[in-house]
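Q: Here it is, the structure, as structure tokens.
Just so it is clear, none of the values below were taken in a lab; they were calculated from the coordinates. In this text, all values refer to a predicted model and were calculated from it rather than measured experimentally. Counting neighbours? That spans all protein chains shown, and the Cβs are built from the backbone with ideal geometry, glycine included.
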Amino acid sequence: MKEKQHVILLVDDNDSIRELLAQVFAKNGYLVKQACNASQAMSLFTPEVDLVITDLDMPDVNGMELTYRLKAKAPVPIAAITGLKFRGPKPFEAVLHKPVLPGVLLKTVKVLLERKELEKDSSSPV
């Protein structure tokens with residue numbers, strides 16, 4: 001039986017960064033939905049999305065507010081990518097600082113997806 005291909009929603013207003021990250025994920029077997037802003041991300045967010053990766057510093061609605069909006073719709077793991085110093089409480093499961101090395105990014109994604117599967121398995125009735 002073929003293993004499920006995970007779907008990542010990638011949100012970044014910088015086209016070149018978003019495209020580069022999408023290529024890294026695609027080369028590693030992930031399906032990628034791309035959004036250039038929070039509004040587009042909300043419209044692309046469906047139950048098939050396994051993980052969201054968002055930039056924090058975006059115009060209009062920033063990544064923090066987007067995270068709250070997405071989590072109000074469904075319990076999805078979210079990783080934030082930022083070039084800014086980030087302190088304080090965070091609504092996401094991981095914070096990655098730019099520049100992000102592809103290996104670190106892929107390992108973080110793998111850990112978050114594995115954690116999601118474990119949580120799903122432990123909450124399922126036997």
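Q: Would you mind computing the Rg to Rh ratio of region 7-123 from its alpha-carbon coordinates, Kirkwood style for Rh?
A: 0.92
Q: Of the options 34, 53, 11, report the single residue whose Cα projects farthest towards the positive end of the charge dipole of region 1-88 (beta-carbon charges: Lys, Arg +1; Asp, Glu -1).
A: 53
Q: List, in order, the whole-Hz ³J(HN,Hα) value for each residue of region 98-105 obtained from phi through the Karplus relation with A = 6.51, B = -1.76, C = 1.60 and θ = phi - 60°; use x for Gly and Pro.
A: 6, x, 9, 6, x, x, 5, 4
Q: Order 78-86, 102-110 from most to least packed using the mean count of other Cβ atoms within 10 Å.
A: 78-86, 102-110
Q: Nearest 20 debye, what's the magnitude of the dipole of region 7-123 about its Cα centre given +1 on Lys and Arg Cβ and -1 on Asp and Glu Cβ?
A: 300
Q: On to the next question. Based solely on its DSSP helices, what 222 nm [θ] is calculated for the chain when runs of n ≥ 4 H residues each add -39,500 (n - 2.57) and the sum is averaged over all residues, nearest 500 deg cm²/dmol?
A: Theoretical 222 nm ellipticity from helices: -13500 deg cm²/dmol.
Q: Would you kindly derive the ³J(HN,Hα) couplings of region 33-38 from the backbone phi angles with the Karplus curve 6.51 cos²θ - 1.76 cosθ + 1.60 (θ = phi - 60°), listing them in order in whole Hz, with x for Gly and Pro?
A: 9, 10, 10, 9, 7, 5
Q: Exceeding 25 Å between C-alpha atoms, which entries from my cross-link table qualify? They are 71/116; 73/116; 73/98; 27/85; 71/107; 90/110.
A: From 71/116; 73/116; 73/98; 27/85; 71/107; 90/110, over 25 Å: 73/98; 27/85.
Q: State the answer as a single residue: which of 104, 63, 21 lies farthest towards the positive end of the charge dipole of the chain, with beta carbon charges of +1 for Lys and Arg and -1 for Asp and Glu, about the Cα centre.
A: Going by the charge dipole, the pick is 104.
Q: Just to check I understand the Karplus step: with θ = phi - 60° and J = 6.51 cos²θ - 1.76 cosθ + 1.60, what whole-Hz values come out for region 52-65, glycine and proline as x?
A: Karplus values, whole Hz, x for Gly and Pro: 10, 10, 10, 6, 8, 8, 10, x, 6, 9, 7, x, 5, 5.
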